[in-house]
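Some notes on the structure that comes next.
What follows draws every value from the coordinates through simple rules; no lab data is involved. Source: prediction; values computed, not measured. Positions of Cβ are generated from backbone atoms using ideal geometry, with glycine treated the same way; all protein chains shown enter the neighbour counts.
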Amino acid sequence: MEKLVLKIPTRQFSDQIMSFRQELLQSGSSMDGCGSLRRTENPEDWFREIESLSKKETLPANRVVSTQFFYVRERDDRLVGMIQIRHELNDYLKNYAGHIGYCVRPSERQKGYAKQMLHDCLSYCRKLGLTKVLVACIDSNEASRRTILANGGVYESTVLEPEIAVNLERYWIDLTC
């Protein structure tokens, strides 16, 4: 397996962010774990949003403090995935999305990157003081389900998310092990 690392987003990746976004849009991806990237055409706007989500003092209403990471292949410094960790759960996150959202660039899928990215971020979750995390996936996303299960996810329930009308499977990962 290639060596990949979690990195805090920096502006030096602006061009890669936009090509990552374009590839996800073209594939029809749900873009989980990317924050507002779907509706952002300017990387600077996206950076402002993730920065506002990183501190309680700048947090928009009805949002929780979150940390955004890139997953970068060391060999060529290529952005292959994004993952967002929400430090706590509000009502929406508790019912639907969970603590963690992630996605992998379509051209980089089926290489085990999502499984490793989720694994690598769990130590950060422990540092936040979380003892378990909720991760959800669309019920038809077999690859995401396998990623969650491979990281110790235990199925809790399937719920209908009313805004986008999809069934989400909810899994808990115990971080005390």
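Some observations on this one:
- Karplus-derived 3J(HN,Hα), 6.51/-1.76/1.60, for each residue of region 59-71, Hz, glycine and proline x: 5, x, 4, 6, 10, 10, 4, 9, 10, 9, 10, 9, 10
- R0 of 35 Å, Cβ-Cβ distance CYS177-SER30: FRET efficiency to nearest 0.05: 0.75
- When the helices of the chain are scored as -39500 (n - 2.57) per DSSP H run of n ≥ 4 and the total is divided over every residue, the value at 222 nm lands at -8500 deg cm²/dmol.
- Positive-end residue of ALA143, VAL104, LEU4, charge dipole of the chain with Cβ unit charges: LEU4
- Gap separating the Cα centres of region 141-157 and region 104-129, nearest whole Å: 13 Å
- In this Cβ point-charge picture (+1 for Lys and Arg, -1 for Asp and Glu), the chain has a dipole of about 420 debye about its Cα centre.
- For GLN84, net neighbour charge (Lys/Arg +1, Asp/Glu -1) across residues whose Cβ lies under 12 Å away: 0
- Top positive-direction residue, dipole computed over the chain with Cβ charges, set ASN90, LEU122, GLN68: LEU122
- Answer label for Rg and Dmax of the Cα atoms in Å (calculated), chosen among (1) 21.5, 77; (2) 16.9, 56; (3) 15.2, 42: (3)
- Taking every lysine pair in the chain that is 8 or more places apart or spans two chains, those with Cα atoms closer than 29 Å amount to 25.
- 5 angstrom amide H check on ARG78, placed H, neighbours 5+ away: ARG73
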